1. Could I have the simple spin-label model distance between K85 and K3, label points 7 Å from Cα toward Cβ, reported in nm to one decimal?
2. With a cut-off of 8 Å between alpha carbons and a minimum separation of six or more residues, what is the relative contact order of the stretch 63-110 in percent?
3. Need the C-alpha centroid separation for the stretch 72-97 versus the stretch 4-33, integer Å.
4. Using a basic spin-label model with each label point 7 Å from the Cα along Cα→Cβ, how many nm lie between V99 and Q24?
5. Pairing the Cα long axis of helix 15-26 with the longest principal axis of the chain, what angle in degrees results, from 0 to 90 and rounded to the nearest 10?
6. Students often forget the sequence filter, so: which aspartates and glutamates lie under 15 Å Cα-Cα from K54 once same-chain residues fewer than 8 apart are removed?
7. Take every Cα-Cα pair in the chain and report what % of them are more than 23 Å apart.
8. In percent, how large is the relative contact order of the chain, given Cα pairs closer than 8 Å and 6 or more residues apart?
Amino acid sequence: MAKSIDLIVYPVKDADKAKRIYTQFLGVEPYVDGPYYIGYRVGAQEVGLDPNGKVGPIGYVDVDDIESELASLKEAGADIVQEPKDVGGGLLVAQIKDVNGNVLGLRQQA
């Protein structure tokens with residue numbers, strides 16, 4: 001089954017300045033604005049800003065079973081960068097690295 005990138009997260013060094021730019025660029029206010037994540041909903045896609053991010057941008061796909069997806073990706077040659085982590089309300093995220101060093105994300109809704 002084909003997946004789409006439903007979330008893309010950009011690392012930002014200055015959250016306040018980045019917020020002003022992304023709010024203007026996307027034409028919407030953030031639906032979440034915290035010290036660890038700033039999120040915008042644009043149609044069916046989400047754009048996030050990570051004030052603590054060191055790599056990126058990172059595209060995330062939604063999956064039904066994050067553990068099984070990670071196992072399949074590891075078997076395909078990916079390295080796990082971040083094991084599944086609950087980032088609030090049961091939402092799980094994980095990250096892998098492809099053979100070229102690009103980081104990709106998985107997201108499992110609560």
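1. According to this spin-label approximation, the distance is 1.8 nm.
2. 37 percent
3. Taking the Cα centre of the stretch 4-33 as reference, the centre of the stretch 72-97 is 23 Å away.
4. With each label placed 7 Å out from Cα toward Cβ, I get 4.3 nm.
5. Once rounded, the angle reads 90 degrees.
6. D14
7. Summing the P(r) of the chain above 23 Å gives 28 percent of all pairs.
8. This gives 25 percent for the chain.
Where a number appears in this text, it was derived from the coordinates with a stated rule and is not lab data. All values reported here derive from a predicted model rather than from experimental measurement. Glycine gets a Cβ as well: all are built from the backbone with ideal geometry, and neighbour counts include every protein chain shown.
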